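Bear in mind these aren't lab numbers, they're just calculated from the coordinates by the rules spelled out. In this text the structure is predicted, and so the values were computed from the model without any measurement. Neighbour counts run over all protein chains shown; Cβ positions are idealised from the backbone, glycine included.
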Amino acid sequence: MTILHDMIALYNALPEDNVYARVLAILLRELKEIPQLSLEQTAELCGVSTITISRLLKKIGCGSFRSFRQQIEDVVDGYPKYNRVIPIPMINAGQVTDGFFECLMNELGRLRNELDADAVAKACAMIREADEVHFCDMYANGHAKRQFQADLCMDGKKVRCHSTLDTGIRTTADGPAPVVLATVLSVVKNYGDMSRGLKQVHENGCRCIVIASASTPGRVAAYSDCLIRFHGIDSAADNIFIDCIYDVLCMNYRASYID
C-alpha cells in the first residue's frame, strides 16, 4: 500500500462535488508533476488554498507537504516494483498472462502443501465454542468471508465484521470468550493499527485466530491463540490465498459442525 492507494481510497469515499474529491481528482491526474511543485504551486494547480491542501494531507495520514511530495516521487519513480506479481523478465518476454498463472499456481501449490491442517481444525473448534465471532479484515466483505459469516449465523453465532480491529471487543463474566478472526499483514497500510488492536483484544480476554503472511513479524503470534500462516507474495494476489484459507475454514467448519 502506498500514498497513491490512500488517495484513491479517500477519493472513492467522497461525493464528487466535495472539495477534497475535486482536489484529489486533479492530484491523481498530475502525479508526475507533484514532486516538482511547492505547496503554493500545488494549491494554485488545484484552485484552492494551501490550508485546504494541508487539511487534505491530514485526511490521508500524511504529516507534511514535504513528506507527501517525497512519497509521490517514490511511487512515480519506483512504480514497477509495487504490487508486483509477475517477475519483470517475464513481462519483458511478453509472458504476462502465462506468467501470472504460473506464479499463482506455484503459490497455490505451496499453500496446499504448507497449510497447517491442525491449526485449521483448532480454529474451527475455537469458533464452535464461542457465542460471538468478530471478523477483522480490511476486506471483511469478500465472498469467502461472507459465506463463512452466513454459516456461523446458521449455527447460532453472533457475527460482526470490522475493517480494522475494534479494541472494545472483550470477554464477559457470563459467557464464553469472543473469538476474533483477524487478517494481519505487515505490507498493508493499517498493519500498525491491526497489530496494536490484536494485542488489546487479546488482553481483553478474547481468543484470537490470526491469518498472517510469512513476511508478517512473528510478534503477532504472541497475541494469537491460533496462528494460520501462508507464504504469500506481498501483492494484491494475496487476497486470493486469504480467501482460500477462509474457504478451507468454512468447509471444515461445516463438515465438522453443521452438515
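Could you give me the radius of gyration and the Dmax of segment 3-81, taking only the C-alpha atoms into account and expressing both in angstrom?
Cα radius of gyration and Dmax of segment 3-81 are 11.6, 34 Å respectively.
Arrange Glu129, Glu16 by Cβ neighbour counts within 10 Å, fewest through most, would you?
Ranked by crowding around the Cβ, least crowded first: Glu16, Glu129.
Kirkwood hydrodynamic radius, computed over distinct alpha-carbon pairs, for segment 115-258: how many Å, to one decimal?
Mean inverse Cα-Cα distance, inverted, gives 14.9 Å.
Any chance you could run the full-extension gain for Ser54 through Leu104? It's 0.36 nm times the residue separation minus the Cα-Cα distance, nm to one decimal.
Stretched out fully, the Ser54 to Leu104 stretch lengthens by 13.9 nm.
Name the long-range amide H neighbours of Phe230: under 5 Å, sequence gap of 5 or more, or other chain; modelled H, no Pro or chain starts.
Distant-sequence amide H within range of Phe230: Ala212, Ser213, Ala214.
In whole Å and largest first, what semi-axes does the C-alpha gyration tensor of segment 149-222 yield when each eigenvalue is scaled by 5 and square-rooted?
22, 15, 11
So what is the calculated 222 nm ellipticity per residue for the chain, using -39500 (n - 2.57) for each DSSP H run with n of 4 or more, over all residues, to the nearest 500 deg cm²/dmol?
It comes out at -16000 deg cm²/dmol, rounded to the nearest 500.
Taking 2.2 N^0.38 Å as the expected size of a compact globular protein, what ratio does the Cα radius of gyration of the chain give against it, to two decimals?
Here the answer is 1.17, to two decimals.
Antiparallel as a % of all DSSP beta bridges within segment 115-258, to the nearest 5?
Among the beta bridges of segment 115-258, antiparallel pairing accounts for roughly 0 percent.
Normalising by the residue count of segment 3-81, find the relative contact order in percent from Cα pairs under 8 Å and 6+ residues apart.
Averaging sequence separation for qualifying contacts and normalising by length gives 33 percent for segment 3-81.
Given H placed 1.01 Å from N in the peptide plane, which residues other than close sequence neighbours of Cys208 have an amide H under 5 Å from its amide H?
Val180, Asp225, Cys226
Report Rg(Cα)/(2.2 N^0.38 Å) for segment 1-142, keeping two decimals.
1.48
Considering only C-alpha atoms, what is the centroid distance from segment 225-259 to segment 87-108, in Å?
24
To test your reading of the geometry: what angle, between 0 and 90 degrees and rounded to tens, separates the Cα axis of helix 191-203 from the longest principal axis of the chain?
So the inclination is approximately 30 degrees.
For Thr171 and Tyr139 in the same chain, what is the full-extension length gain: residue separation times 0.36 nm, less their Cα-Cα distance, in nm?
Stretched fully, the Thr171-Tyr139 segment lengthens by 9.0 nm.
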